[in-house]
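Visitor: Encoded as structure tokens, here's the structure I'll be asking about.
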Amino acid sequence: MRVLVTGAAGFVGSHLSELALERGLNVVGIDNFDPFYDPSLKKENIELALENDRYTFFEGDLRDKKFLESIYNKFQIDCTVHLAAKAGVRPSLQNPFEYISSNIEGTVSIMEVIKTQASKKLVFASSSSVYGQSIKIPFCESDPLSEAISIYAATKLSGENFTKMYHNLYSLDVINLRLFTVYGPRQRPDLAISKFLSSCMKGEKITLFGDGSMQRDYTYVKDIVDGIFSAVERLDLKKGCYEIFNLGNSCPVSLSHLISAVEKTVGKKCIIENKDVPQGDVSITYANIEEAKKYLNYEPKVNLMEGLQIFYNWMKIRY
Ligand SMILES: NC(=O)c1ccc[n+]([C@@H]2O[C@H](COP(=O)([O-])OP(=O)(O)OC[C@H]3O[C@@H](n4cnc5c(N)ncnc54)[C@H](O)[C@@H]3O)[C@@H](O)[C@H]2O)c1
């Protein structure tokens, strides 16, 4: 079996590629090394996978149809895992058109190529942000979606709508996975856990948005990629599939609690600077994962303290 992973040099994409290789699959990775964060980190992310003969990597942009077509013509792709995106809620408000272009145009662009293939299977990385400021917790896949409150969330919601449309019109088999704040080694440096651990380690200030009560369902990256891999396996067996699953930890943690956990892990107090909650941030994310447990055998195994320790050990070596 051969999977094509978009965003393969990113945080989740590089872990998923390694897992798929470990499980004996062939992997084709593509990434444009978007400069949203240091591309040299992304180049390091794929070093291990590149040592494997079953891994092929191409640098290029999703929106380049000729580039995509040349890859799908060269390899028979059994399933595409579409992770490439401009990620991040706050920066999406500063650069709306870049997010709309990469995340919406990029998603449509890849489905335009998949619809012409013998195997039309797609796993799409959506996000917990599609639930917006939902007051009903935990978030269930069947919940009516309230309004998106950031450009990023709107692009993910739109991505889900487009996958549904391509399923209906062109019979793509699709699983949309709503990921809940993923963390662990190689995490995007703009995200809270990465910033908190590295700033605490270096004795630098961390910014605490709001009064510390904002909650996130932090989910360890290995649990997430296990869930994505199960979705690939499920699609391989199913025809006519269109499904949505939450992949979270189902255990939300407040920012104050997270900071205490970071201090315990690093063995130092954090220096905290308070700021108002930025526009676009929701007050809580909390995944109901019953559907994923039932259909993907998904079971998060790494709790926050364990995950922080593994991440911190990795960070000390890397930096
Ligand atoms: N990390 C999280 O907490 C989280 C939560 C919810 C959803 N997601 C989604 O999961 C996916 C992976 O996230 P991540 O944290 O690994 O982000 P990441 O930024 O580390 O990885 C995304 C990769 O996509 C690449 N990319 C962006 N635009 C591209 C384009 N036009 N063409 C080719 N490559 C392009 C980037 O260079 C990057 O390497 C994204 O779709 C993100 O929206 C992530």
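FYI, it's all coordinate maths here, none of it is from the lab. The shown structure was predicted, so the numbers you read here are calculated from the model rather than taken from an experiment. Heads up, the Cβs are rebuilt from the backbone with ideal geometry, glycines too, and the neighbour counts pull from every protein chain shown.
Visitor: Could you give each residue of region 110-124 its phi-based ³J(HN,Hα) in whole Hz, using Karplus coefficients 6.51, -1.76, 1.60 with θ = phi - 60°, and x for Gly or Pro?
Guide: 5, 6, 4, 7, 4, 5, 9, 8, 5, 9, 10, 10, 9, 9, 10
Visitor: Also, quick follow-up: Contact order normalised by length for the chain, with contacts defined as Cα pairs under 8 Å and 6 or more residues apart; what percent is it?
Guide: 18 percent
Visitor: Non-local amide H neighbours of residue 58 (under 5 Å, H modeled in plane, Pro and chain starts lacking H): which ones?
Guide: Here 29, 30, 31 satisfy the definition.
Visitor: Measuring from label point to label point, each 7 Å out along Cα→Cβ, what is the residue 98 to residue 275 span in nm?
Guide: 1.7 nm
Visitor: A further question on this structure: Quick check on region 96-235: what does the Kirkwood estimate of hydrodynamic radius come out to from the alpha carbon pairs, in Å?
Guide: Hydrodynamic radius (Kirkwood, Cα only) of region 96-235 equals 17.0 Å.
Visitor: Which whole-Hz couplings ³J(HN,Hα) result when phi for each residue of region 62-73 is put into the Karplus expression 6.51 cos²θ - 1.76 cosθ + 1.60, θ = phi - 60°, listed in order with x for Gly and Pro?
Guide: In residue order, the calculated couplings are 4, 7, 8, 4, 5, 4, 5, 4, 5, 6, 5, 6 Hz.
Visitor: To continue, here is another question. Would you please calculate the Kirkwood hydrodynamic radius of the chain over all C-alpha pairs and express it in Å, rounded to one decimal?
Guide: Evaluated over the chain, this radius sits at 19.8 Å.
Visitor: Okay, next question. Please tell me the relative contact order of region 221-319 in percent, rounded to the nearest whole number, where contacts are Cα pairs under 8 Å and at least six residues apart.
Guide: 45 percent
Visitor: How much length, in nm to one decimal, is gained on full extension between residue 90 and residue 283, taken as 0.36 nm per residue of separation minus their Cα-Cα distance?
Guide: Answer, rounded to one decimal: 68.1 nm.
Visitor: Express in whole angstrom the spacing between the alpha-carbon centres of region 155-182 and region 275-310.
Guide: Using only Cα atoms, the two centres lie 20 Å from each other.
Visitor: Ok, one more. Excluding residue 48 itself, what net charge comes from residues whose Cβ is under 14 Å from its Cβ, given Lys and Arg +1 and Asp and Glu -1?
Guide: For residues surrounding residue 48, the net value is -1.
Visitor: Let me ask another. Could you derive backbone 3J(HN,Hα) for region 126-135 from the dihedral phi with the Karplus parameters 6.51, -1.76 and 1.60 (θ = phi - 60°), listing whole Hz in sequence and x where the residue is Gly or Pro?
Guide: 9, 8, 4, 5, 5, 6, x, 8, 4, 9
Visitor: Residues with amide H under 5 Å of residue 178's amide H, sequence separation 5 or more or different chain, H placed in the peptide plane at 1.01 Å from N; which?
Guide: Hits under the 5 Å cutoff: 126, 245, 246, 247.
Visitor: What is the set of long-range amide H partners of residue 218 at a cut-off below 5 Å, with H atoms built 1.01 Å from backbone N?
Guide: 253
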